[in-house]
Amino acid sequence: MAGRGLTAAVTAAPSIELREITKRFDAVTALDGVSLRVERGEFLTLLGPSGCGKTTTLRTIGGFELPTRGEVYLDGAAMGATPPHRRPVNTVFQHYALFPHLSVGQNVAYGLEMAGVPKRERDRRVGEILELVRLPGVERRKPAELSGGQQQRVALARALVTQPAVLLLDEPLGALDLKLRQAMQGELKRLHREVGATFVYVTHDQEEALTMSDRIAVMNAGRVLQLGEPDEIYERPRTRFVADFVGQTNFLDARVLSLDGTEAEVEVAGSGRLRTRVPAGSAPTGRVMLSVRPEKLTLAADAPAEPATGWNRLEGTLVGAVYVGTHTQHVVALPGGATVTVHRQNRAAGAPGPIAGEAVSLVFDREAATILAE
Ligand SMILES: Nc1ncnc2c1ncn2[C@@H]1O[C@H](COP(=O)(O)OP(=O)(O)OP(=O)(O)O)[C@@H](O)[C@H]1O
Ligand SMILES: [Mg+2]
(Lines give C-alpha, C1' and ligand atoms only; values in the text may rest on other atoms or scores of the structure.)
(Ligands and ions follow the chains in the order given, each with its own letter.)
Protein backbone atom coordinates (compact mmCIF):
# COMPACT_ATOMS: atom_id res chain seq x y z
CA MET A 1 0.00 0.00 0.00
CA ALA A 2 2.75 2.39 1.04
CA GLY A 3 4.50 1.59 -2.23
CA ARG A 4 1.43 2.37 -4.29
CA GLY A 5 0.87 5.62 -2.42
CA LEU A 6 4.44 6.61 -3.17
CA THR A 7 4.05 5.81 -6.88
CA ALA A 8 0.91 7.93 -7.05
CA ALA A 9 2.72 10.81 -5.37
CA VAL A 10 5.65 10.55 -7.79
CA THR A 11 3.54 10.38 -10.95
CA ALA A 12 1.47 13.34 -9.71
CA ALA A 13 4.56 15.59 -9.66
CA PRO A 14 4.62 18.10 -12.50
CA SER A 15 7.26 17.63 -15.15
CA ILE A 16 8.81 21.00 -14.25
CA GLU A 17 8.17 23.26 -11.31
CA LEU A 18 9.82 26.62 -10.70
CA ARG A 19 9.35 27.98 -7.21
CA GLU A 20 10.00 31.66 -6.66
CA ILE A 21 13.00 31.82 -9.00
CA THR A 22 15.00 35.02 -8.87
CA LYS A 23 18.09 35.37 -11.06
CA ARG A 24 20.40 38.35 -10.83
CA PHE A 25 23.35 39.17 -13.07
CA ASP A 26 25.18 41.90 -11.11
CA ALA A 27 22.80 44.87 -11.29
CA VAL A 28 20.29 43.18 -13.66
CA THR A 29 17.38 41.21 -12.23
CA ALA A 30 16.66 38.86 -15.14
CA LEU A 31 14.02 36.84 -13.24
CA ASP A 32 12.02 38.28 -10.39
CA GLY A 33 10.16 35.60 -8.42
CA VAL A 34 9.01 33.30 -11.24
CA SER A 35 6.76 30.41 -10.17
CA LEU A 36 5.50 28.00 -12.81
CA ARG A 37 4.28 24.39 -13.12
CA VAL A 38 4.50 22.52 -16.40
CA GLU A 39 2.58 19.25 -16.63
CA ARG A 40 3.99 16.13 -18.21
CA GLY A 41 3.64 16.13 -21.99
CA GLU A 42 2.48 19.74 -22.02
CA PHE A 43 3.48 22.28 -24.70
CA LEU A 44 4.12 25.46 -22.73
CA THR A 45 5.25 28.67 -24.42
CA LEU A 46 7.12 31.54 -22.79
CA LEU A 47 6.05 34.68 -24.64
CA GLY A 48 7.36 38.17 -24.06
CA PRO A 49 9.43 41.04 -25.45
CA SER A 50 13.20 41.00 -25.89
CA GLY A 51 15.02 40.99 -22.57
CA CYS A 52 12.03 39.85 -20.46
CA GLY A 53 13.82 36.72 -19.20
CA LYS A 54 12.69 33.92 -21.53
CA THR A 55 16.15 32.52 -22.29
CA THR A 56 17.19 32.90 -18.65
CA THR A 57 14.14 30.84 -17.61
CA LEU A 58 15.10 28.06 -20.06
CA ARG A 59 18.75 28.16 -19.02
CA THR A 60 17.74 27.92 -15.38
CA ILE A 61 15.55 24.86 -16.07
CA GLY A 62 18.40 23.28 -18.06
CA GLY A 63 20.99 23.99 -15.36
CA PHE A 64 23.11 26.38 -17.45
CA GLU A 65 22.33 29.08 -14.88
CA LEU A 66 21.74 28.56 -11.17
CA PRO A 67 19.03 30.66 -9.52
CA THR A 68 20.04 33.42 -7.11
CA ARG A 69 16.98 32.40 -5.07
CA GLY A 70 14.32 29.72 -5.44
CA GLU A 71 14.41 26.15 -6.68
CA VAL A 72 13.86 24.15 -9.89
CA TYR A 73 12.11 20.76 -9.57
CA LEU A 74 12.14 18.22 -12.38
CA ASP A 75 9.75 15.29 -11.95
CA GLY A 76 9.41 16.35 -8.32
CA ALA A 77 13.15 16.30 -7.56
CA ALA A 78 14.90 19.50 -6.42
CA MET A 79 17.75 20.21 -8.87
CA GLY A 80 20.00 22.31 -6.62
CA ALA A 81 23.30 22.67 -8.48
CA THR A 82 22.83 19.55 -10.67
CA PRO A 83 24.81 20.17 -13.90
CA PRO A 84 23.01 20.24 -17.28
CA HIS A 85 24.15 16.77 -18.43
CA ARG A 86 22.64 15.18 -15.31
CA ARG A 87 19.20 16.68 -15.90
CA PRO A 88 16.53 14.80 -17.97
CA VAL A 89 16.42 17.78 -20.30
CA ASN A 90 17.72 18.67 -23.77
CA THR A 91 17.94 22.14 -25.21
CA VAL A 92 17.71 23.58 -28.71
CA PHE A 93 19.41 26.94 -28.32
CA GLN A 94 18.39 30.30 -29.75
CA HIS A 95 21.38 30.16 -32.10
CA TYR A 96 21.38 26.44 -32.82
CA ALA A 97 24.93 25.27 -33.29
CA LEU A 98 25.70 22.13 -35.25
CA PHE A 99 29.32 20.98 -35.35
CA PRO A 100 30.32 22.11 -38.87
CA HIS A 101 33.19 19.60 -39.29
CA LEU A 102 31.02 16.59 -38.34
CA SER A 103 28.51 14.95 -40.69
CA VAL A 104 24.78 15.23 -39.96
CA GLY A 105 24.82 11.61 -38.73
CA GLN A 106 27.71 12.34 -36.34
CA ASN A 107 26.00 15.51 -35.12
CA VAL A 108 22.78 13.65 -34.31
CA ALA A 109 24.62 10.67 -32.78
CA TYR A 110 26.71 12.89 -30.49
CA GLY A 111 24.53 12.59 -27.35
CA LEU A 112 24.16 8.82 -27.83
CA GLU A 113 27.93 8.44 -28.16
CA MET A 114 28.45 10.40 -24.93
CA ALA A 115 25.96 8.06 -23.24
CA GLY A 116 27.97 5.03 -24.42
CA VAL A 117 25.31 3.64 -26.79
CA PRO A 118 26.94 1.03 -29.10
CA LYS A 119 27.52 1.96 -32.77
CA ARG A 120 24.88 -0.31 -34.33
CA GLU A 121 22.16 0.95 -31.94
CA ARG A 122 23.30 4.56 -32.56
CA ASP A 123 23.00 4.18 -36.32
CA ARG A 124 19.50 2.72 -35.98
CA ARG A 125 18.28 5.51 -33.70
CA VAL A 126 19.86 8.25 -35.82
CA GLY A 127 18.12 6.79 -38.90
CA GLU A 128 14.78 6.68 -37.05
CA ILE A 129 14.97 10.22 -35.71
CA LEU A 130 15.98 11.63 -39.12
CA GLU A 131 12.85 9.94 -40.53
CA LEU A 132 10.80 11.58 -37.79
CA VAL A 133 12.06 15.07 -38.72
CA ARG A 134 11.51 14.13 -42.39
CA LEU A 135 15.15 14.17 -43.42
CA PRO A 136 15.87 10.53 -44.20
CA GLY A 137 19.22 9.64 -45.76
CA VAL A 138 21.18 12.84 -45.09
CA GLU A 139 23.54 11.23 -42.53
CA ARG A 140 26.67 11.71 -44.63
CA ARG A 141 26.16 15.32 -45.56
CA LYS A 142 27.81 18.22 -43.75
CA PRO A 143 25.51 20.82 -42.10
CA ALA A 144 26.68 23.45 -44.64
CA GLU A 145 25.19 21.27 -47.41
CA LEU A 146 21.68 21.68 -45.98
CA SER A 147 19.26 24.62 -46.07
CA GLY A 148 18.58 26.67 -42.94
CA GLY A 149 15.31 24.87 -42.27
CA GLN A 150 16.94 21.47 -42.75
CA GLN A 151 19.73 22.41 -40.33
CA GLN A 152 17.07 23.44 -37.85
CA ARG A 153 15.49 20.00 -38.15
CA VAL A 154 18.89 18.36 -37.63
CA ALA A 155 19.28 20.40 -34.43
CA LEU A 156 15.86 19.12 -33.33
CA ALA A 157 16.78 15.54 -34.21
CA ARG A 158 19.97 15.88 -32.16
CA ALA A 159 17.96 17.07 -29.16
CA LEU A 160 15.25 14.39 -29.52
CA VAL A 161 17.42 11.35 -30.19
CA THR A 162 18.32 10.79 -26.53
CA GLN A 163 14.59 10.77 -25.67
CA PRO A 164 14.65 13.52 -23.04
CA ALA A 165 11.62 13.89 -20.75
CA VAL A 166 11.82 17.63 -21.33
CA LEU A 167 12.78 19.54 -24.46
CA LEU A 168 13.63 23.23 -24.13
CA LEU A 169 13.34 25.17 -27.39
CA ASP A 170 14.65 28.72 -27.55
CA GLU A 171 13.17 30.44 -30.64
CA PRO A 172 14.08 27.44 -32.79
CA LEU A 173 12.33 28.90 -35.84
CA GLY A 174 13.64 32.44 -35.41
CA ALA A 175 15.95 32.35 -38.42
CA LEU A 176 13.41 31.04 -40.93
CA ASP A 177 11.25 32.87 -43.47
CA LEU A 178 7.48 32.96 -42.92
CA LYS A 179 6.46 29.99 -45.12
CA LEU A 180 9.16 27.68 -43.81
CA ARG A 181 8.41 28.86 -40.30
CA GLN A 182 4.74 27.92 -40.65
CA ALA A 183 5.62 24.52 -42.10
CA MET A 184 8.05 23.89 -39.21
CA GLN A 185 5.42 24.94 -36.65
CA GLY A 186 3.24 22.12 -37.92
CA GLU A 187 6.19 19.70 -37.87
CA LEU A 188 7.02 20.65 -34.29
CA LYS A 189 3.45 20.07 -33.13
CA ARG A 190 3.48 16.67 -34.83
CA LEU A 191 6.82 15.81 -33.17
CA HIS A 192 5.42 16.89 -29.82
CA ARG A 193 2.45 14.55 -30.21
CA GLU A 194 4.62 11.67 -31.39
CA VAL A 195 7.40 11.82 -28.76
CA GLY A 196 5.16 12.76 -25.81
CA ALA A 197 7.89 14.84 -24.09
CA THR A 198 7.24 18.07 -22.21
CA PHE A 199 8.07 21.01 -24.49
CA VAL A 200 8.95 24.46 -23.16
CA TYR A 201 9.04 26.76 -26.16
CA VAL A 202 10.27 30.33 -26.32
CA THR A 203 9.07 32.88 -28.83
CA HIS A 204 8.35 36.58 -29.03
CA ASP A 205 5.86 35.93 -31.87
CA GLN A 206 2.35 36.04 -30.41
CA GLU A 207 0.68 34.25 -33.31
CA GLU A 208 3.13 31.37 -33.05
CA ALA A 209 2.42 31.15 -29.32
CA LEU A 210 -1.36 31.16 -29.84
CA THR A 211 -1.34 28.47 -32.52
CA MET A 212 1.15 26.04 -30.99
CA SER A 213 0.72 26.01 -27.22
CA ASP A 214 -1.35 24.12 -24.68
CA ARG A 215 -0.69 27.05 -22.35
CA ILE A 216 1.17 30.35 -22.63
CA ALA A 217 3.09 32.21 -19.93
CA VAL A 218 3.26 35.91 -20.85
CA MET A 219 6.40 37.45 -19.35
CA ASN A 220 7.60 40.99 -18.87
CA ALA A 221 10.56 42.38 -16.91
CA GLY A 222 11.45 39.05 -15.29
CA ARG A 223 7.93 38.15 -14.20
CA VAL A 224 5.12 35.92 -15.42
CA LEU A 225 2.17 38.28 -15.83
CA GLN A 226 -0.44 35.74 -16.91
CA LEU A 227 -0.50 31.99 -17.47
CA GLY A 228 -3.34 30.34 -19.36
CA GLU A 229 -4.64 28.58 -22.44
CA PRO A 230 -4.30 30.57 -25.69
CA ASP A 231 -7.96 31.63 -25.88
CA GLU A 232 -7.92 32.66 -22.23
CA ILE A 233 -4.85 34.86 -22.77
CA TYR A 234 -6.38 36.44 -25.87
CA GLU A 235 -10.01 36.75 -24.74
CA ARG A 236 -9.46 37.54 -21.08
CA PRO A 237 -6.21 39.46 -20.68
CA ARG A 238 -5.92 40.64 -17.09
CA THR A 239 -3.48 43.51 -17.60
CA ARG A 240 -2.87 46.26 -20.09
CA PHE A 241 0.50 44.72 -20.95
CA VAL A 242 -0.97 41.31 -21.85
CA ALA A 243 -3.89 42.84 -23.79
CA ASP A 244 -1.45 44.95 -25.78
CA PHE A 245 1.31 42.39 -26.33
CA VAL A 246 -0.96 39.55 -27.45
CA GLY A 247 -2.91 40.73 -30.48
CA GLN A 248 -4.17 44.21 -31.21
CA THR A 249 -6.65 46.01 -28.99
CA ASN A 250 -8.41 49.30 -28.20
CA PHE A 251 -8.07 50.90 -24.78
CA LEU A 252 -10.83 53.11 -23.42
CA ASP A 253 -10.78 55.17 -20.22
CA ALA A 254 -13.96 54.62 -18.25
CA ARG A 255 -15.55 55.03 -14.84
CA VAL A 256 -17.38 52.23 -13.04
CA LEU A 257 -21.03 53.07 -12.28
CA SER A 258 -22.17 49.74 -10.89
CA LEU A 259 -20.99 46.18 -10.46
CA ASP A 260 -23.12 43.11 -10.93
CA GLY A 261 -21.14 39.91 -10.37
CA THR A 262 -18.98 39.35 -13.46
CA GLU A 263 -20.36 42.42 -15.26
CA ALA A 264 -20.10 46.15 -14.78
CA GLU A 265 -21.83 49.20 -16.15
CA VAL A 266 -19.27 51.88 -17.01
CA GLU A 267 -19.30 55.38 -18.44
CA VAL A 268 -16.93 56.29 -21.26
CA ALA A 269 -16.55 60.06 -21.06
CA GLY A 270 -18.50 61.71 -23.87
CA SER A 271 -19.62 58.37 -25.35
CA GLY A 272 -22.19 57.11 -22.87
CA ARG A 273 -22.71 53.91 -20.97
CA LEU A 274 -21.45 50.42 -21.77
CA ARG A 275 -21.70 47.01 -20.16
CA THR A 276 -18.41 45.13 -19.80
CA ARG A 277 -16.95 42.00 -18.34
CA VAL A 278 -15.12 42.12 -15.01
CA PRO A 279 -12.10 39.84 -14.48
CA ALA A 280 -12.85 36.97 -12.10
CA GLY A 281 -11.99 37.77 -8.50
CA SER A 282 -11.76 41.54 -8.94
CA ALA A 283 -14.16 44.31 -7.89
CA PRO A 284 -13.04 47.44 -9.78
CA THR A 285 -14.27 50.87 -8.72
CA GLY A 286 -13.64 54.41 -9.94
CA ARG A 287 -11.50 54.97 -13.02
CA VAL A 288 -10.65 51.87 -15.04
CA MET A 289 -9.20 50.90 -18.41
CA LEU A 290 -11.25 48.82 -20.88
CA SER A 291 -9.90 46.62 -23.64
CA VAL A 292 -11.98 45.82 -26.76
CA ARG A 293 -10.46 43.90 -29.70
CA PRO A 294 -10.95 45.51 -33.17
CA GLU A 295 -12.54 42.39 -34.70
CA LYS A 296 -15.24 42.35 -32.00
CA LEU A 297 -16.54 45.77 -33.00
CA THR A 298 -19.07 45.81 -35.83
CA LEU A 299 -20.13 48.80 -37.91
CA ALA A 300 -23.85 49.04 -37.23
CA ALA A 301 -24.60 49.02 -40.99
CA ASP A 302 -23.09 45.49 -41.15
CA ALA A 303 -24.86 44.21 -38.04
CA PRO A 304 -28.14 42.29 -38.03
CA ALA A 305 -31.07 44.73 -38.08
CA GLU A 306 -31.98 43.83 -34.51
CA PRO A 307 -28.77 43.02 -32.64
CA ALA A 308 -29.28 40.92 -29.53
CA THR A 309 -30.51 42.93 -26.58
CA GLY A 310 -27.76 44.07 -24.27
CA TRP A 311 -25.34 44.92 -27.06
CA ASN A 312 -23.29 48.03 -26.57
CA ARG A 313 -23.45 50.93 -28.98
CA LEU A 314 -20.93 53.72 -29.57
CA GLU A 315 -21.47 56.64 -31.92
CA GLY A 316 -18.50 58.20 -33.73
CA THR A 317 -17.03 59.60 -36.93
CA LEU A 318 -14.91 57.65 -39.39
CA VAL A 319 -11.43 59.17 -39.56
CA GLY A 320 -9.87 56.83 -42.09
CA ALA A 321 -9.65 53.30 -43.46
CA VAL A 322 -6.65 51.15 -44.35
CA TYR A 323 -6.99 48.11 -46.60
CA VAL A 324 -5.08 45.13 -45.12
CA GLY A 325 -6.14 42.32 -47.49
CA THR A 326 -8.26 40.03 -45.31
CA HIS A 327 -9.88 43.02 -43.63
CA THR A 328 -10.04 46.80 -43.70
CA GLN A 329 -9.01 48.71 -40.64
CA HIS A 330 -11.42 51.55 -39.86
CA VAL A 331 -10.40 54.24 -37.40
CA VAL A 332 -13.33 55.87 -35.64
CA ALA A 333 -13.15 59.00 -33.45
CA LEU A 334 -15.46 59.00 -30.43
CA PRO A 335 -16.96 62.27 -29.12
CA GLY A 336 -14.95 62.01 -25.86
CA GLY A 337 -11.67 62.29 -27.83
CA ALA A 338 -10.70 58.60 -27.97
CA THR A 339 -10.22 56.74 -31.24
CA VAL A 340 -10.96 53.07 -31.79
CA THR A 341 -9.91 50.70 -34.54
CA VAL A 342 -12.51 48.39 -36.09
CA HIS A 343 -11.66 45.43 -38.34
CA ARG A 344 -14.17 44.81 -41.12
CA GLN A 345 -13.79 41.52 -43.03
CA ASN A 346 -13.41 42.00 -46.78
CA ARG A 347 -16.05 39.61 -48.06
CA ALA A 348 -16.25 39.24 -51.83
CA ALA A 349 -19.78 40.60 -52.19
CA GLY A 350 -19.51 42.94 -49.20
CA ALA A 351 -21.18 46.32 -49.29
CA PRO A 352 -18.73 49.22 -49.66
CA GLY A 353 -17.59 50.59 -46.30
CA PRO A 354 -18.22 54.08 -44.98
CA ILE A 355 -16.06 57.00 -46.11
CA ALA A 356 -14.01 59.40 -44.00
CA GLY A 357 -16.07 62.04 -42.23
CA GLU A 358 -19.21 59.88 -42.19
CA ALA A 359 -21.03 59.27 -38.89
CA VAL A 360 -20.87 55.61 -37.90
CA SER A 361 -22.27 53.52 -35.05
CA LEU A 362 -20.37 50.60 -33.56
CA VAL A 363 -22.12 47.71 -31.87
CA PHE A 364 -20.57 44.94 -29.83
CA ASP A 365 -21.46 42.27 -27.33
CA ARG A 366 -20.97 43.11 -23.66
CA GLU A 367 -18.66 40.05 -23.48
CA ALA A 368 -16.33 41.76 -25.97
CA ALA A 369 -15.18 44.48 -23.56
CA THR A 370 -13.20 43.69 -20.47
CA ILE A 371 -11.97 45.79 -17.56
CA LEU A 372 -8.22 45.45 -17.02
CA ALA A 373 -6.82 44.89 -13.55
CA GLU A 374 -3.80 47.18 -14.07
N1 LIG B 1 25.01 36.42 -18.68
C2 LIG B 1 24.39 37.57 -18.47
N3 LIG B 1 24.99 38.60 -17.87
C4 LIG B 1 24.34 39.77 -17.63
N5 LIG B 1 23.07 40.02 -17.97
C6 LIG B 1 22.41 39.03 -18.59
C7 LIG B 1 23.01 37.76 -18.88
N8 LIG B 1 22.09 36.99 -19.50
C9 LIG B 1 20.97 37.74 -19.60
N10 LIG B 1 21.15 38.96 -19.05
C11 LIG B 1 20.13 40.03 -18.94
O12 LIG B 1 18.97 39.47 -18.36
C13 LIG B 1 17.79 39.97 -18.98
C14 LIG B 1 16.98 38.82 -19.55
O15 LIG B 1 17.69 38.26 -20.63
P16 LIG B 1 17.15 37.01 -21.49
O17 LIG B 1 18.26 36.57 -22.37
O18 LIG B 1 16.59 36.00 -20.57
O19 LIG B 1 15.99 37.70 -22.33
P20 LIG B 1 15.05 37.09 -23.46
O21 LIG B 1 13.64 37.24 -22.98
O22 LIG B 1 15.50 35.73 -23.84
O23 LIG B 1 15.26 38.12 -24.67
P24 LIG B 1 15.39 37.86 -26.29
O25 LIG B 1 13.97 37.77 -26.80
O26 LIG B 1 16.07 39.11 -26.76
O27 LIG B 1 16.19 36.62 -26.53
C28 LIG B 1 18.26 40.97 -20.02
O29 LIG B 1 18.22 42.25 -19.47
C30 LIG B 1 19.70 40.54 -20.29
O31 LIG B 1 20.48 41.62 -20.72
MG1 LIG C 1 16.36 34.93 -25.59
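The values are calculated or read from the model by the stated rules, or taken from the named source; none is laboratory data. Please read these numbers as outputs of a predicted model, since none were measured by experiment. Cβ atoms come from the backbone with ideal geometry, glycine included; neighbour counts cover every protein chain shown. The accessibility values were calculated without ligands, DNA or RNA, using every heavy atom of the protein model including side chains. Shrake-Rupley method; radii C 1.70, N 1.55, O 1.52, S 1.80 Å.
In this structure, L146 does not satisfy being touching a helix residue (DSSP H, G or I) at 6+ places or on another chain (Cβ under 6 Å), away from ligand 1 (no atom under 16 Å from the Cβ) and in the same structural domain as V92 (by TED's automatic domain parsing). Can you confirm whether the stretch 297-309 contains a residue that is modelled with pLDDT under 95 and of a type in the set (S, T, Y)? Yes, because at least one residue in the stretch 297-309 is modelled with pLDDT under 95 and of a type in the set (S, T, Y).
Apart from one condition, V224 fits all of (1) crowded, with 19+ Cβ neighbours inside 10 Å; (2) assigned by TED's automatic domain parsing to the domain that holds T317; the exception is (2).
Identify the residue in the stretch 22-61 that is of a type in the set (K, R) and open to solvent by less than 30 Å² (accessible area, probe 1.4 Å) and, among all such residues, is nearest to ligand 1 (Cβ to nearest atom). Among those residues, the one meeting the criterion is K54. Among the candidates Q152, Q182, the residue that is out of contact with any strand residue (DSSP E or B) (no Cβ under 6 Å at 6 or more places or on another chain), polar (S, T, N, Q) and open to solvent by 30 Å² or more (accessible area, probe 1.4 Å) is uniquely Q182.
When R293 is tested against (1) surrounded by fewer than 20 Cβ atoms within 10 Å (Cβ to Cβ); (2) basic (K, R); (3) touching a residue at least 40 places away in the same chain (Cβ under 8 Å), just one condition goes unmet, and that condition is (1). Applying the condition of being touching a residue at least 60 places away in the same chain (Cβ under 8 Å), assigned to a loop (DSSP other than H, G, I, E, B) and small (G, A, S) to the stretch 31-72 and asking which residue is farthest from ligand 2 (Cβ to nearest atom) yields G41. E131 fulfils the conditions (1) within 16 Å of ligand 1 (Cβ to nearest atom); (2) without any contact (Cβ under 8 Å) to a residue 12 or more places away in the chain except for a single criterion, (1). Within the stretch 15-30, residues that are on the phi > 0 side of the Ramachandran plot have Cβ atoms under 7 Å from residues that are assigned to a strand (DSSP E or B) in these pairs: E20/G33; E20/S35; E20/R69; E20/G70, counting only partners at least 6 apart in sequence or on another chain.
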